[in-house]
Amino acid sequence: MQTDLRGRDLIGDLDFSKEEVETVLDVAFDLKRKRALGESHAYLRDKVLAMLFFFSSTRTRGSFEAGMAQLGGHAAFIESKTTQISHGDTPKEIGEIFGRYFDGIAIRHVDWGVGNGYLNAVAKASRVPILNMQCDIYHPFQCLADLMTIIEKKGRDLRRKKMVVSWAYAASYQKPMSVPQSLVLQMPRFGMDVVLAHPPEFKLMPEVMEQAQEQARKFGTGFEVVDDMEAAFKDADIIYAKSWGAMVHTPDANAGAEIIKKYSHWITDERKMALAKSDAIYMHPLPADRNIEVTDGVMDGVQSVVYDEAENRMHAQKAVMALTMK
Ligand code: CP
(Lines give C-alpha, C1' and ligand atoms only; values in the text may rest on other atoms or scores of the structure.)
Protein backbone atom coordinates (compact mmCIF):
# COMPACT_ATOMS: atom_id res chain seq x y z
CA MET A 1 0.00 0.00 0.00
CA GLN A 2 1.39 3.41 -1.04
CA THR A 3 0.10 5.90 1.52
CA ASP A 4 2.32 8.92 0.92
CA LEU A 5 -0.16 10.90 -1.18
CA ARG A 6 -0.25 14.02 0.99
CA GLY A 7 0.09 17.19 -1.09
CA ARG A 8 -0.19 15.37 -4.42
CA ASP A 9 -2.14 16.62 -7.46
CA LEU A 10 -4.48 14.36 -9.43
CA ILE A 11 -4.71 15.81 -12.94
CA GLY A 12 -4.00 12.83 -15.25
CA ASP A 13 -4.95 9.22 -14.61
CA LEU A 14 -1.35 8.04 -14.57
CA ASP A 15 -0.30 10.66 -11.97
CA PHE A 16 -0.95 7.95 -9.37
CA SER A 17 0.83 4.60 -9.72
CA LYS A 18 -1.23 1.41 -9.80
CA GLU A 19 -0.37 0.81 -6.14
CA GLU A 20 -1.47 4.34 -5.25
CA VAL A 21 -4.78 3.80 -7.08
CA GLU A 22 -5.19 0.57 -5.09
CA THR A 23 -4.73 2.60 -1.89
CA VAL A 24 -7.40 5.05 -3.09
CA LEU A 25 -9.78 2.16 -3.76
CA ASP A 26 -9.16 0.60 -0.31
CA VAL A 27 -9.87 3.94 1.38
CA ALA A 28 -12.92 4.57 -0.85
CA PHE A 29 -14.48 1.21 0.07
CA ASP A 30 -13.76 1.90 3.76
CA LEU A 31 -15.39 5.35 3.54
CA LYS A 32 -18.40 3.86 1.74
CA ARG A 33 -18.77 1.30 4.55
CA LYS A 34 -18.39 3.99 7.24
CA ARG A 35 -21.10 6.14 5.63
CA ALA A 36 -23.44 3.12 5.39
CA LEU A 37 -22.90 2.45 9.10
CA GLY A 38 -23.28 6.12 10.04
CA GLU A 39 -19.73 6.18 11.44
CA SER A 40 -18.14 9.61 11.62
CA HIS A 41 -15.09 10.01 9.38
CA ALA A 42 -14.18 13.68 9.74
CA TYR A 43 -10.61 13.40 8.43
CA LEU A 44 -10.65 16.91 6.92
CA ARG A 45 -12.07 18.97 9.77
CA ASP A 46 -11.35 22.72 9.25
CA LYS A 47 -10.17 22.09 5.66
CA VAL A 48 -11.72 23.92 2.71
CA LEU A 49 -11.78 22.88 -0.94
CA ALA A 50 -12.21 25.43 -3.74
CA MET A 51 -14.33 24.05 -6.61
CA LEU A 52 -13.72 26.22 -9.65
CA PHE A 53 -16.10 25.45 -12.52
CA PHE A 54 -15.73 26.65 -16.12
CA PHE A 55 -18.46 24.21 -17.24
CA SER A 56 -21.77 22.93 -15.90
CA SER A 57 -22.08 19.89 -13.64
CA THR A 58 -24.61 17.84 -11.70
CA ARG A 59 -22.69 14.88 -10.25
CA THR A 60 -19.23 16.38 -9.88
CA ARG A 61 -20.37 19.42 -7.96
CA GLY A 62 -22.83 17.49 -5.81
CA SER A 63 -20.43 14.69 -4.95
CA PHE A 64 -17.41 16.89 -4.15
CA GLU A 65 -19.53 19.24 -2.05
CA ALA A 66 -21.30 16.46 -0.11
CA GLY A 67 -18.03 14.56 0.23
CA MET A 68 -16.17 17.50 1.78
CA ALA A 69 -19.01 18.07 4.28
CA GLN A 70 -18.99 14.37 5.24
CA LEU A 71 -15.22 14.61 5.82
CA GLY A 72 -15.82 17.46 8.25
CA GLY A 73 -14.69 20.24 5.94
CA HIS A 74 -16.31 22.65 3.51
CA ALA A 75 -16.37 23.07 -0.26
CA ALA A 76 -16.68 26.52 -1.82
CA PHE A 77 -18.51 26.53 -5.18
CA ILE A 78 -16.92 29.09 -7.50
CA GLU A 79 -18.45 29.61 -10.94
CA SER A 80 -15.72 31.10 -13.13
CA LYS A 81 -18.09 33.65 -14.71
CA THR A 82 -18.61 35.22 -11.27
CA THR A 83 -14.86 35.69 -10.74
CA GLN A 84 -12.43 38.25 -12.14
CA ILE A 85 -10.81 35.62 -14.40
CA SER A 86 -12.33 37.22 -17.51
CA HIS A 87 -10.93 40.56 -16.29
CA GLY A 88 -7.37 39.35 -15.98
CA ASP A 89 -6.82 36.92 -13.08
CA THR A 90 -4.24 34.52 -14.54
CA PRO A 91 -3.83 30.81 -13.71
CA LYS A 92 -0.72 31.81 -11.74
CA GLU A 93 -2.75 34.24 -9.64
CA ILE A 94 -5.49 31.65 -9.06
CA GLY A 95 -2.86 29.10 -7.95
CA GLU A 96 -0.96 31.53 -5.74
CA ILE A 97 -4.01 33.18 -4.13
CA PHE A 98 -6.44 30.25 -3.83
CA GLY A 99 -3.50 28.15 -2.64
CA ARG A 100 -3.26 30.49 0.35
CA TYR A 101 -7.03 30.47 1.13
CA PHE A 102 -7.86 26.83 0.48
CA ASP A 103 -6.46 23.37 1.30
CA GLY A 104 -7.17 21.99 -2.18
CA ILE A 105 -8.26 23.44 -5.54
CA ALA A 106 -10.57 21.35 -7.71
CA ILE A 107 -11.09 22.61 -11.27
CA ARG A 108 -13.39 21.66 -14.18
CA HIS A 109 -12.27 23.16 -17.48
CA VAL A 110 -13.18 21.10 -20.55
CA ASP A 111 -12.42 23.58 -23.37
CA TRP A 112 -10.58 21.69 -26.10
CA GLY A 113 -6.87 22.53 -26.18
CA VAL A 114 -7.19 24.78 -23.11
CA GLY A 115 -8.49 22.93 -20.03
CA ASN A 116 -5.55 20.66 -19.17
CA GLY A 117 -3.04 23.46 -19.74
CA TYR A 118 -5.03 25.67 -17.38
CA LEU A 119 -5.01 23.05 -14.61
CA ASN A 120 -1.27 22.50 -14.96
CA ALA A 121 -0.59 26.25 -14.91
CA VAL A 122 -2.61 26.63 -11.68
CA ALA A 123 -0.80 23.59 -10.22
CA LYS A 124 2.59 25.17 -10.94
CA ALA A 125 1.69 28.17 -8.79
CA SER A 126 -0.27 26.38 -6.06
CA ARG A 127 1.02 25.18 -2.70
CA VAL A 128 -2.01 22.85 -2.27
CA PRO A 129 -3.24 19.84 -4.30
CA ILE A 130 -4.97 20.44 -7.64
CA LEU A 131 -7.79 17.98 -8.33
CA ASN A 132 -9.07 17.53 -11.88
CA MET A 133 -12.88 17.61 -11.93
CA GLN A 134 -12.63 17.01 -15.74
CA CYS A 135 -10.53 18.67 -18.37
CA ASP A 136 -10.33 18.27 -22.15
CA ILE A 137 -7.99 15.26 -21.79
CA TYR A 138 -8.85 13.40 -18.55
CA HIS A 139 -11.72 12.73 -16.13
CA PRO A 140 -9.77 10.83 -13.45
CA PHE A 141 -12.38 10.89 -10.68
CA GLN A 142 -15.02 9.48 -13.01
CA CYS A 143 -12.57 6.72 -13.90
CA LEU A 144 -11.84 5.90 -10.24
CA ALA A 145 -15.60 5.62 -9.57
CA ASP A 146 -15.96 3.42 -12.66
CA LEU A 147 -13.16 1.13 -11.48
CA MET A 148 -14.73 0.91 -8.02
CA THR A 149 -18.09 -0.01 -9.60
CA ILE A 150 -16.54 -2.66 -11.85
CA ILE A 151 -14.83 -4.25 -8.82
CA GLU A 152 -18.15 -4.27 -6.94
CA LYS A 153 -19.94 -5.98 -9.82
CA LYS A 154 -17.21 -8.25 -11.23
CA GLY A 155 -14.82 -8.85 -8.34
CA ARG A 156 -11.20 -7.90 -7.68
CA ASP A 157 -9.75 -10.28 -10.27
CA LEU A 158 -10.52 -8.50 -13.53
CA ARG A 159 -7.94 -10.33 -15.65
CA ARG A 160 -9.37 -11.37 -19.06
CA LYS A 161 -12.60 -9.44 -18.52
CA LYS A 162 -13.55 -7.79 -21.81
CA MET A 163 -14.32 -4.10 -21.40
CA VAL A 164 -15.78 -2.26 -24.39
CA VAL A 165 -15.25 1.49 -24.46
CA SER A 166 -17.48 2.60 -27.32
CA TRP A 167 -18.41 5.84 -28.98
CA ALA A 168 -22.19 6.44 -29.07
CA TYR A 169 -24.32 8.85 -31.05
CA ALA A 170 -25.49 12.10 -29.44
CA ALA A 171 -26.20 15.26 -31.35
CA SER A 172 -26.69 17.65 -28.40
CA TYR A 173 -23.09 18.93 -28.45
CA GLN A 174 -19.53 17.70 -29.04
CA LYS A 175 -18.82 16.09 -25.69
CA PRO A 176 -15.29 15.96 -24.26
CA MET A 177 -13.21 12.84 -24.94
CA SER A 178 -11.84 12.83 -21.40
CA VAL A 179 -13.92 9.85 -20.17
CA PRO A 180 -12.84 7.33 -22.85
CA GLN A 181 -9.25 8.58 -22.61
CA SER A 182 -9.15 8.06 -18.83
CA LEU A 183 -10.68 4.58 -19.23
CA VAL A 184 -8.18 3.33 -21.82
CA LEU A 185 -5.31 4.61 -19.65
CA GLN A 186 -6.44 3.17 -16.30
CA MET A 187 -8.30 -0.08 -17.02
CA PRO A 188 -5.40 -2.06 -18.54
CA ARG A 189 -3.53 -1.58 -15.25
CA PHE A 190 -6.29 -3.61 -13.56
CA GLY A 191 -6.18 -6.54 -15.96
CA MET A 192 -9.08 -5.80 -18.31
CA ASP A 193 -8.83 -6.44 -22.03
CA VAL A 194 -9.99 -3.13 -23.51
CA VAL A 195 -11.73 -2.91 -26.89
CA LEU A 196 -12.10 0.67 -28.07
CA ALA A 197 -14.84 1.12 -30.70
CA HIS A 198 -15.52 4.28 -32.66
CA PRO A 199 -16.25 5.49 -36.20
CA PRO A 200 -13.05 6.53 -38.01
CA GLU A 201 -13.48 10.26 -37.30
CA PHE A 202 -13.68 9.83 -33.52
CA LYS A 203 -10.10 8.88 -32.77
CA LEU A 204 -8.68 9.65 -29.33
CA MET A 205 -5.53 11.77 -28.95
CA PRO A 206 -2.50 9.92 -30.42
CA GLU A 207 -0.33 10.54 -27.34
CA VAL A 208 -3.04 9.09 -25.07
CA MET A 209 -3.39 6.05 -27.35
CA GLU A 210 0.37 5.46 -27.18
CA GLN A 211 0.28 5.62 -23.38
CA ALA A 212 -2.74 3.30 -23.25
CA GLN A 213 -1.00 0.76 -25.48
CA GLU A 214 2.10 1.01 -23.28
CA GLN A 215 -0.01 0.29 -20.15
CA ALA A 216 -1.61 -2.71 -21.87
CA ARG A 217 1.84 -4.06 -22.83
CA LYS A 218 3.21 -3.46 -19.32
CA PHE A 219 0.30 -5.21 -17.61
CA GLY A 220 -0.09 -7.97 -20.24
CA THR A 221 -3.64 -7.13 -21.26
CA GLY A 222 -5.37 -6.91 -24.63
CA PHE A 223 -5.97 -3.57 -26.32
CA GLU A 224 -7.82 -3.45 -29.62
CA VAL A 225 -9.37 -0.67 -31.71
CA VAL A 226 -12.37 -1.44 -33.96
CA ASP A 227 -14.87 0.62 -35.97
CA ASP A 228 -17.89 -1.64 -35.48
CA MET A 229 -20.04 -1.23 -32.36
CA GLU A 230 -21.81 -4.59 -32.74
CA ALA A 231 -18.61 -6.57 -33.27
CA ALA A 232 -17.15 -4.90 -30.19
CA PHE A 233 -20.14 -5.79 -27.98
CA LYS A 234 -19.87 -9.53 -28.73
CA ASP A 235 -19.12 -11.50 -25.52
CA ALA A 236 -18.24 -8.36 -23.56
CA ASP A 237 -18.30 -8.33 -19.75
CA ILE A 238 -18.51 -4.56 -19.45
CA ILE A 239 -20.12 -2.15 -21.92
CA TYR A 240 -19.18 1.52 -21.50
CA ALA A 241 -20.71 3.44 -24.41
CA LYS A 242 -20.89 7.22 -24.57
CA SER A 243 -20.58 10.04 -27.04
CA TRP A 244 -17.56 12.27 -27.65
CA GLY A 245 -16.63 14.83 -30.25
CA ALA A 246 -14.52 14.62 -33.42
CA MET A 247 -12.00 17.18 -32.11
CA VAL A 248 -8.91 15.17 -33.10
CA HIS A 249 -10.26 14.81 -36.66
CA THR A 250 -11.35 18.46 -37.00
CA PRO A 251 -11.19 21.43 -34.63
CA ASP A 252 -14.15 22.95 -36.53
CA ALA A 253 -17.26 22.47 -34.33
CA ASN A 254 -19.70 22.75 -37.28
CA ALA A 255 -17.78 20.17 -39.30
CA GLY A 256 -17.71 17.91 -36.22
CA ALA A 257 -21.48 18.25 -35.77
CA GLU A 258 -22.03 17.24 -39.43
CA ILE A 259 -19.86 14.14 -38.98
CA ILE A 260 -21.79 13.05 -35.87
CA LYS A 261 -25.05 13.00 -37.91
CA LYS A 262 -23.72 10.10 -40.04
CA TYR A 263 -23.67 7.71 -37.07
CA SER A 264 -27.14 7.78 -35.48
CA HIS A 265 -27.16 3.94 -35.56
CA TRP A 266 -24.42 3.91 -32.86
CA ILE A 267 -27.06 3.70 -30.11
CA THR A 268 -26.84 1.26 -27.19
CA ASP A 269 -30.08 -0.68 -27.37
CA GLU A 270 -31.42 -4.02 -26.12
CA ARG A 271 -30.46 -5.81 -29.35
CA LYS A 272 -26.82 -4.78 -29.10
CA MET A 273 -26.67 -5.50 -25.35
CA ALA A 274 -27.85 -9.05 -26.14
CA LEU A 275 -24.60 -9.56 -28.09
CA ALA A 276 -22.62 -9.14 -24.86
CA LYS A 277 -22.43 -11.78 -22.12
CA SER A 278 -25.76 -12.33 -20.34
CA ASP A 279 -24.28 -10.91 -17.11
CA ALA A 280 -22.59 -7.94 -18.82
CA ILE A 281 -23.00 -4.57 -17.13
CA TYR A 282 -23.88 -1.30 -18.87
CA MET A 283 -22.00 1.83 -17.74
CA HIS A 284 -22.34 5.53 -18.55
CA PRO A 285 -20.95 8.53 -16.62
CA LEU A 286 -24.11 10.61 -17.28
CA PRO A 287 -25.63 12.84 -18.44
CA ALA A 288 -26.83 10.77 -21.42
CA ASP A 289 -29.03 11.68 -24.37
CA ARG A 290 -31.81 9.18 -23.64
CA ASN A 291 -33.21 7.23 -26.62
CA ILE A 292 -30.54 8.80 -28.84
CA GLU A 293 -27.29 7.63 -27.22
CA VAL A 294 -28.90 4.78 -25.21
CA THR A 295 -32.45 3.46 -24.96
CA ASP A 296 -34.48 3.85 -21.78
CA GLY A 297 -34.72 0.06 -21.74
CA VAL A 298 -30.93 -0.31 -21.37
CA MET A 299 -30.42 2.70 -19.11
CA ASP A 300 -33.17 1.59 -16.72
CA GLY A 301 -32.67 -2.14 -17.28
CA VAL A 302 -31.22 -4.81 -14.99
CA GLN A 303 -27.75 -4.63 -16.55
CA SER A 304 -27.36 -0.89 -15.95
CA VAL A 305 -25.11 0.20 -13.06
CA VAL A 306 -25.22 3.93 -13.78
CA TYR A 307 -26.55 5.00 -10.39
CA ASP A 308 -23.93 2.98 -8.50
CA GLU A 309 -21.30 4.64 -10.72
CA ALA A 310 -22.68 8.08 -9.85
CA GLU A 311 -22.70 7.22 -6.13
CA ASN A 312 -19.14 5.95 -6.24
CA ARG A 313 -17.95 9.34 -7.51
CA MET A 314 -18.44 10.60 -3.98
CA HIS A 315 -16.64 7.74 -2.22
CA ALA A 316 -13.67 7.79 -4.61
CA GLN A 317 -13.34 11.57 -4.36
CA LYS A 318 -13.51 11.48 -0.57
CA ALA A 319 -10.69 8.94 -0.57
CA VAL A 320 -8.45 11.11 -2.75
CA MET A 321 -9.25 14.26 -0.77
CA ALA A 322 -8.63 12.53 2.57
CA LEU A 323 -5.29 11.16 1.30
CA THR A 324 -4.01 14.31 -0.44
CA MET A 325 -5.42 17.21 1.63
CA LYS A 326 -4.78 15.89 5.15
N1 CP B 1 -20.23 12.38 -14.95
C2 CP B 1 -20.09 13.69 -14.66
O3 CP B 1 -18.97 14.22 -14.59
O4 CP B 1 -21.26 14.34 -14.42
P5 CP B 1 -21.45 15.92 -14.31
O6 CP B 1 -21.04 16.50 -15.65
O7 CP B 1 -22.89 16.13 -14.02
O8 CP B 1 -20.57 16.45 -13.23
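Things to note:
- The range 252-270 versus the range 89-146: alpha-carbon centroid distance in Å: 30
- Phi-derived couplings, Karplus 6.51 cos²θ - 1.76 cosθ + 1.60 at θ = phi - 60°, listed residue by residue for the range 224-238: 10, 10, 10, 10, 9, 4, 5, 4, 5, 5, 4, 6, 6, 8, 9 Hz, with x used for Gly and Pro.
- For the range 174-326, the orientation-averaged shadow of the C-alpha convex hull comes to 10.0 nm² (one quarter of the hull surface).
- Computed from the alpha carbon atoms alone, the convex hull of the chain holds 126 Å³ per residue.
- Selected from MET273, MET283, MET314 as most flexible by GNM, with the chain as the system and alpha-carbon contacts under 10 Å: MET273
- Straight-line cross-link reach from LYS92 at under 19 Å between alpha-carbon atoms covers these aspartates and glutamates, not counting any fewer than eight positions away in the same chain: ASP9, GLU79, ASP103, ASP111.
- Reduced Cα scattering model of the range 1-124, Debye log10 I(q)/I(0), q = 0.10, 0.16 Å⁻¹: -0.36, -0.91
- FRET E, pair ALA121, TYR101, Förster distance 22 Å, beta-carbon r, rounded to 0.05: 0.75
- Rolled with a 1.4 Å probe across the full set of protein chains, the surface gives SER56 an accessible area near 80 Å².
- Cut-off under 5 Å, modelled amide H: who pairs with ILE281 long-range: ILE238, ILE239
- Taking a straight Cα-Cα cut-off under 19 Å and skipping sequence neighbours fewer than 8 places away in the same chain, the lysines within cross-link reach of LYS175 are LYS203, LYS242, LYS261, LYS262.
- Two-decimal ratio, the range 18-85, of alpha-carbon radius of gyration to 2.2 N^0.38 Å: 1.31
- Surface accessible to a 1.4 Å probe, HIS198 within the full protein complex, Å²: 10
- Inter-site label distance for ASP227 and VAL302 at 7 Å from Cα along Cβ, in nm: 3.7
- Karplus (6.51, -1.76, 1.60) ³J(HN,Hα), θ = phi - 60°, over the range 169-180, in Hz, Gly and Pro reported as x: 6, 7, 9, 4, 6, 7, 6, x, 9, 5, 5, x
The values are calculated or read from the model by the stated rules, or taken from the named source; none is laboratory data. Small disclaimer: the values here were computed from a predicted structure and weren't measured. Ideal geometry is used to build each Cβ from the backbone, glycine not excepted, and the neighbour counts take in all protein chains shown. Areas reflect the complete protein model, heavy atoms only, side chains present, ligands, DNA and RNA absent. Shrake-Rupley method; radii C 1.70, N 1.55, O 1.52, S 1.80 Å.
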